[in-house]
């Protein structure tokens, strides 16, 4: 049977469509969920098949799992709404199929035929279409020829309609040009940070009344957080390793085992070019030395590449007789000729690596710590079983600490607690959900450590008395008062600053920034500095206030984007493509929505629940 040749892209598209169709039918074909059920419902006169919904759902789930890097549970899939997204996608697709049918659009039998005969699964050993193979392949997936060919026909014409909608959308170039201009314009500006030293009044002095008032007006700053009192036992390899003794013999054995880690011989990064005779090698190096040709040109003239002659990192011993000559260089360069097992050669040394020799005495402490940690990790496995048995038998944390090497402790814990066991994420997670109903159970830390915890009591938040937090109140009062005085000073200076009266003329340390784009940042300055410079009129000073900075800035000049610049043109082109793509998608979604709203959509909720239960449980 004669066939027409198609492009590789067309073949690939056909194979993908057929693969999805067949994969989706597996387990949901004629047998379906109950032996006969194949459809979820209808959109207009078009059936919504379980297989098409399966394909859409699995696609949504895979895409989301790739984004978050883990497998979703059935509950998470439905909580996120991926099942609804998949259902909406299938309904929109069938709505388009109904629209295409209503418009009388279709593809001819010859187009469908050409697609079918190109599918490898339907071809015989001679590579030609085989009717028997076609029938048997469809039968294996519980498909019949009419349904399969109808699906191909619908997919083809629907894709053609979709491409017609998407490809016809294009925004005027002025739109992307305006955005590119906005992004690419730059400004010159100056700025100065006001410091406490700029205050002519010196360090503020408080009265006792001001201190008392500040303390009372800012209770959130001087209130201890609500906490939980938690009793815990824990043991880590580091804690256990402190009491472990390792023999000198064992340490020396570990040193010898890891000798390559501690003894790194001096080495060189070397290229070697071999010649047939000593004269050829000598002529080559003289040519290079005299500047008549480079080493790379000599290599190329020999019909070789630098990869062909690269030896990589080598030691003196590995170079044999040529070793002393090559390692005699004190800086990168060329040397030779030198005799090698393969003949006379010249060498180019590209890097000199001094190596690193660490004696046993130099790394003895590291070896001791590593060995003790390894022993501790092994010992903890046995301790874990003992602790687990004690807790299961009703022993208290105090009992366990007394009978094992676990360490007993207590802590008033809240979410910001740091230090000790609170530095472990596993403890923080367990402590956050701990209640009086929880019985102490053994858990692990990320460094192979162990812990168990018990809730004791809630500790309410407490507004601390002034005499307890007096120093903190003084520090906070000073910071706020200085901030207020600096804001007041900035408000006096800023109106006087201009292009002709720069910041430096007011005794401030002036910083100048030139040709700054909107996306730029200034080291040591608040992130909002550049943004503020663009929203402020040129020649007008303004104040940027943050919790830690009072800054006066003044834009000195603005530079419009050079639309003839290659970089700006590239930005405009990228923006134009993105805008057109986004707009086309919006138009197509609106087109699909309009098609859907014109039809009756009937989805059987009972069947949908059963399908979700089956698909998600199996996924």
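The values are calculated or read from the model by the stated rules, or taken from the named source; none is laboratory data. Not measured: the values here are computed from a predicted model. We place every Cβ from the backbone using ideal geometry, glycine too, and count neighbours over all the protein chains shown.
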Do the conditions hold for residue 323, that is, is it in a helix (DSSP H, G or I) and either more than 30 Å from residue 373 (Cβ to Cβ) or touching a strand residue (DSSP E or B) at 6+ places or on another chain (Cβ under 8 Å) (or both)?
yes
Just a yes or no: is a residue in segment 507-527 surrounded by fewer than 18 Cβ atoms within 10 Å (Cβ to Cβ), out of contact with any helix residue (DSSP H, G or I) (no Cβ under 6 Å at 6 or more places or on another chain) and within 30 Å of residue 99 (Cβ to Cβ)?
no
Answer yes if at least one residue in segment 455-473 is touching a residue at least 24 places away in the same chain (Cβ under 8 Å), more than 30 Å from residue 222 (Cβ to Cβ) and surrounded by fewer than 17 Cβ atoms within 10 Å (Cβ to Cβ), and no otherwise.
no
Considering only helices (runs of 4 or more DSSP H) wholly within segment 215-289, the ones with at least 1 residues that are touching a strand residue (DSSP E or B) at 6+ places or on another chain (Cβ under 7 Å) and surrounded by 19 or more Cβ atoms within 10 Å (Cβ to Cβ) are 278-289
Residue in segment 529-549 that is surrounded by 15 or more Cβ atoms within 10 Å (Cβ to Cβ), over 15 Å from residue 182 (Cβ atoms), modelled with pLDDT of 90 or more and under 29 Å from the mean Cα position of the chain (by Cα) present:
yes
Just the residues that are within 16 Å of residue 549 (Cβ to Cβ) and in contact with a helix residue (DSSP H, G or I) (Cβ under 9 Å, 6 or more places away or on another chain), please, taken from segment 482-504.
482, 485, 486, 489, 493, 503
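Quick grid of which residues meet (1) over 30 Å from residue 552 (Cβ atoms); (2) in a loop (DSSP other than H, G, I, E, B); (3) modelled with pLDDT of 80 or more:
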site: 142; (1), (2), (3): yes, yes, no
site: 174; (1), (2), (3): yes, no, yes
site: 180; (1), (2), (3): yes, no, yes
site: 188; (1), (2), (3): no, no, yes
site: 203; (1), (2), (3): no, yes, no
site: 209; (1), (2), (3): yes, no, yes
site: 213; (1), (2), (3): yes, no, yes
I want to confirm something. Restricting to segment 440-486 and keeping residues that are assigned to a loop (DSSP other than H, G, I, E, B) and closer than 22 Å to residue 381 by Cα, which single residue is farthest from the chain's Cα centre (by Cα)?
440
Test for residue 598: is it modelled with pLDDT under 85 and under 30 Å from residue 49 (Cβ atoms)
no
Anything in segment 550-576 that is free of Cβ contacts under 8 Å to residues at least 60 places away in the same chain, in a helix (DSSP H, G or I) and exposed (fewer than 12 other Cβ atoms within 10 Å of the Cβ)? List them, or say none.
566, 570
